[in-house]
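The values are calculated or read from the model by the stated rules, or taken from the named source; none is laboratory data. Computed from a predicted structure; not experimentally measured. Quick reminder, even Gly has a Cβ in these numbers, built from the backbone with ideal geometry, and neighbours come from all protein chains shown.
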Amino acid sequence: MLASGRVFKKHTLQVDGQVIDVENFPIRFCKNIFMQNHYVILFSLAILLKLLRFQTVKDFFSKRNPCLGRMFEMDLVADITGGDSFSDIYGTRRFVQGALLKYLCFLFWIRFYFLPQTYGPFSKRWVRWVARSLLKHADKVYSRDQQGYDTIRVLFCDTPKVLEKVRVVPDVAFILEPLAIQDSLTELLDRNKQAGRKIVGVNVNGLLYNGGYTRNNMFSLSVNYPIMIQETVSAFLKDSNVIVLLVAHVCPSEAYTVECDATACQHVKESINDSDKANVLVAGKGYDHRSIKSVIGRCDFFVGSRMHSCIAAMSQCIPTVGLAYSDKFRGVFESVGQGENVVDLRTTDGKKVIEILLEKSIQEDIQNQLNQTIPQVKRQIISLIGAE
């Protein structure tokens, strides 16, 4: 797994009953440019080897820099850019770092696929130029929604040949299998469901809760997100038959607390009246991507401000409403026929948001639609993987 990071380590995954070890190969961008896996070192060597195309030179440097040897061993890089980070919506630093990794792969003559993801928005002209360059050099490009395809079409309106390698395929997270778990939280959820109570899941986005990286309403929301979430939870709790499950879907290291959903979930619970706290549960840290999907699978209705928390719910045919802070939500929801279940927090006031959520939570046709659509979507994604 080629990525940014600090240490080489192995991730153990279970795929179709098999245990697979995936090695994390971090590319460093720190001040110590003399590290073997630093971007500057690998970039410089790649340029040198492009000029000196002799196998003996390649072997010489590969023996002295194992990281260089690993780059040469790669036959294909399949890049997903965090699902939504091929854009400058989160700031140019994240975009530039992702772009540099992609250019490094091109320098090593490695085949490159863009996996299904969001493309854009690109608010700056130079960002559009870089995005166009990267997409042009890729071997294949997959967009997780029609909206992304349309963005690429605008970039290459003068180069129709590039569009021939672009395909629309739903987000691969739709086929992620949940890991069945039993702990104190899931046992409590199961007991409440058996007692006939309704489980409403609410994913709290830590980044939105803290105002974005700038901590000053970075995404130009028209609502006060913390207050809106707190009032949403209180509105659902007016029904004595409802249990609200606050779901943390992103729990990064301490260095990135501005993004931490778990901390935001705890803040929300603390804001609830003491008389209602017993009906508010929290799925915080301690769950990986598959186990948190299993927890979400206990819900009867789900509200998410993180795109992949919504995908985790919809892929299990749970009626879901996405609280959008960017255009990516509508595109992904439309890819599974759920475009009408997106509420744009940039244009909708808090009172209207809560009104829509309460109304959607009692609509029975949403689950029927998902029961028909999701199996088709999963087959489409699996056919892509099988073909490649």
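Listed values, structure above:
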| item | result |
| --- | --- |
| Members of the stretch 245-275 that are outside any helix (DSSP H, G or I), in contact with a Lys or Arg (Cβ under 9 Å, 6 or more places away or on another chain) and more than 18 Å from residue 215 (Cβ to Cβ) | 245, 246, 247, 248, 249, 251 |
| Of all residues in the stretch 315-341 being surrounded by 22 or more Cβ atoms within 10 Å (Cβ to Cβ) and out of contact with any Gly (no Cβ under 9 Å at 6 or more places or on another chain), the one that is farthest from residue 244 (Cα to Cα) | 335 |
| Scope the stretch 211-270; condition closer than 18 Å to residue 287 by Cβ, within 17 Å of the chain's Cα centre (by Cα) and buried (at least 17 other Cβ atoms within 10 Å of the Cβ); matching residues | 247, 248, 249, 250, 251, 259, 260, 261, 262 |
| Those residues of the stretch 189-231 which are of a type in the set (Lys, Arg) and over 26 Å from residue 90 (Cα atoms), in sequence order | 191, 193, 197, 198 |
| Test: residue in the stretch 78-86 that is at positive phi and buried (at least 18 other Cβ atoms within 10 Å of the Cβ) | yes |
| Residue tally, condition in contact with a Phe, Trp or Tyr (Cβ under 7 Å, 6 or more places away or on another chain) and under 21 Å from residue 300 (Cβ atoms), over the stretch 326-373 | 3 |
| Residue 142 being assigned by TED's automatic domain parsing to the domain that holds residue 360, among the aromatic types (Phe, Trp, Tyr) and surrounded by 15 or more Cβ atoms within 10 Å (Cβ to Cβ) | no |
| Complete set of residues in the stretch 68-93 that are closer than 28 Å to residue 48 by Cα and among the small types (Gly, Ala, Ser) | 69, 78 |
| Verdict on residue 106 being under 25 Å from residue 207 (Cα atoms) and hydrophobic (A, V, I, L, M, F, W, C) | no |
| Selected residue [assigned by TED's automatic domain parsing to the domain that holds residue 303, closer than 24 Å to residue 150 by Cβ and not hydroxyl-bearing (Ser, Thr, Tyr)] from 368, 341 | 341 |
| Matching residues, the stretch 104-136, being surrounded by fewer than 21 Cβ atoms within 10 Å (Cβ to Cβ), aromatic (Phe, Trp, Tyr) and within 15 Å of residue 148 (Cβ to Cβ) | 113 |
| Segments classed as helices (runs of 4 or more DSSP H), wholly inside the stretch 282-388, with at least 1 members that are among the small types (Gly, Ala, Ser) and over 19 Å from the mean Cα position of the chain (by Cα) | 350-360, 365-387 |
| Qualifying residue in the stretch 276-298 (condition: of a type in the set (Ser, Thr, Tyr) and farther than 25 Å from residue 174 by Cβ) | no |
